[in-house]
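The values are calculated or read from the model by the stated rules, or taken from the named source; none is laboratory data. Values in this document were obtained by computation on a predicted structure and should not be read as measured data. Cβ sites come from the backbone with ideal geometry, for glycine too, and all protein chains shown count toward neighbours.
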Amino acid sequence: MVQPKTIGETRTGSPKTPQQRRHDLRVAVPLKDEIRKVEAFDAAPALNEVQEIITADNSTFRYLRLARIALEGGHGAERTLAGEEAVYYVNRGKAKIAAGGENYALGKGDVLYAGINNIVHIEAEGFCDVSEFKAVDCHTAHPVQLVRHADIEGTELAATLGNRRPMSRRTVFKLVDQNVQACRLLFGDTYMAQRGGVGSYPPHFHGPDGPHGLGPNAKEEIYHFRCETDIEGDVPYVLQNCALPEEQVNVYAHIFDETAINVTPTYHDTIAPPSVDFMFTWCLASFTEGHRDWAEIYNKPGFENEW
């Protein structure tokens, strides 16, 4: 198992609107006279503000949403879930979260799931940086559920993958999987075994209808990256594959620290330069409510046995 660790400095920025958060990437597609547009979002939080990062108005997501909540001690935030469910993931610090009539204390890497018709109140214990990944259009009420990162480390929910290729060795911590009752959401974080690693390998996407498109059993997905470099003055980034399933040649875009990206329609393997270490949180929302099979994927042909 790759041990979780803190990657990148704690960062906050100025408040921005959802429209200001979106910054499309434009990538040249090899072998085609085409520039591809990729949905990316500035995901850095603003201190003592709820910042909507991905919304219905600034993205093409049907179900998934993302917000960041960074709070100092004495500050709080309240979120109301109607026909929505959410996971609250602590990126940094400690958070006190009240939901479903109970109070919970969360540390780095811990997750609280809250289902429809809940009011969620978040407070900082000193400081906290929390991501809210949310699915809309949910209809089944599930209880509030706490998942501590430490409790799944060393279990089957901490899947160490990439043993066939050392550069792709990583541990995928499935924090919200079949261990949590939910309508649409699956969630976790991934840590690499080495700098210059290859994440999410082999190239795959969560459209089980394969290259023919995203059918009823498909899933949307957000990646949120944290990157750092061991070269002073260097700017850390990763290269994210944005190739469509029918394309034989990969299409890579530069993704920088504190960027979230829509990886739904494309393959999504990630390559880091030799100096860069990275981790990312990922969140899936199933197109069909209740169909939460994390492993239902389409691999790039020829790469099926590379897990």
Just one of the numbered conditions (1) buried (at least 20 other Cβ atoms within 10 Å of the Cβ); (2) under 30 Å from Ile271 (Cβ atoms); (3) charged (D, E, K, R) is not true of Lys108; which one?
(1)
Return the pairs, sorted by first residue and then second, in which the second residue is in a loop (DSSP other than H, G, I, E, B) and among the aliphatic types (A, V, I, L, M), the first residue lies in segment 1-16 and is closer than 10 Å to Ala44 by Cβ, the beta carbons are less than 8 Å apart, and the residues are 6+ apart or on different chains.
Arg11/Ala44; Thr12/Ala44; Thr12/Ala46; Gly13/Ala44; Gly13/Ala46; Ser14/Ala46; Lys16/Ala46
Looking only at segment 69-85, count how many residues are surrounded by 22 or more Cβ atoms within 10 Å (Cβ to Cβ), farther than 17 Å from Ile119 by Cα and either touching a residue at least 60 places away in the same chain (Cβ under 8 Å) or of a type in the set (Asp, Glu) (or both).
1
Within the set of pairs 6+ apart or on separate chains, which have a first residue in segment 130-158 that is in contact (Cβ under 8 Å) with a residue 24 or more places away in the chain and under 20 Å from Ile69 (Cα atoms), a second that is of a type in the set (Ser, Thr, Tyr) and part of a loop (DSSP other than H, G, I, E, B), and C-beta atoms under 8 Å apart?
Ala135/Tyr63; Val136/Tyr63
In the set Asp137, Asp129, Asp151, the lone residue that is crowded, with 19+ Cβ neighbours inside 10 Å and at pLDDT 95 or above is Asp129
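Listed here are the residues, each with its yes/no results for (1) on the phi > 0 side of the Ramachandran plot; (2) more than 20 Å from the chain's Cα centre (by Cα); (3) assigned to a loop (DSSP other than H, G, I, E, B); (4) not charged (D, E, K, R).
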| residue | (1), (2), (3), (4) |
| --- | --- |
| Leu66 | no, no, no, yes |
| Ala86 | no, no, no, yes |
| Gly93 | yes, no, no, yes |
| Lys96 | no, yes, no, no |
| Asn103 | no, yes, no, yes |
| Gly126 | yes, yes, no, yes |
| Asn163 | no, yes, yes, yes |
Starting from residues that are assigned to a strand (DSSP E or B) and in contact (Cβ under 8 Å) with a residue 40 or more places away in the chain, keep the ones in segment 40-49 and report whichever is farthest from Thr10 (Cα to Cα).
Ala40
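Let's see how each residue does on (1) within 23 Å of Thr10 (Cα to Cα); (2) of a type in the set (Gly, Ala, Ser):
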residue	(1), (2)
Arg148	yes, no
Asn163	no, no
Gln178	no, no
Val198	no, no
Ala243	no, yes
State whether the residues of segment 36-51 include one that is buried (at least 16 other Cβ atoms within 10 Å of the Cβ), more than 17 Å from the chain's Cα centre (by Cα) and within 23 Å of Tyr237 (Cβ to Cβ).
yes
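Here's the yes/no breakdown for (1) crowded, with 22+ Cβ neighbours inside 10 Å; (2) over 29 Å from Arg92 (Cα atoms); (3) in contact (Cβ under 8 Å) with a residue 24 or more places away in the chain:
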residue	(1), (2), (3)
Gly210	no, yes, yes
Glu220	yes, no, yes
His224	yes, no, yes
Asp230	no, no, yes
Ile255	yes, no, yes
Ile261	yes, no, yes
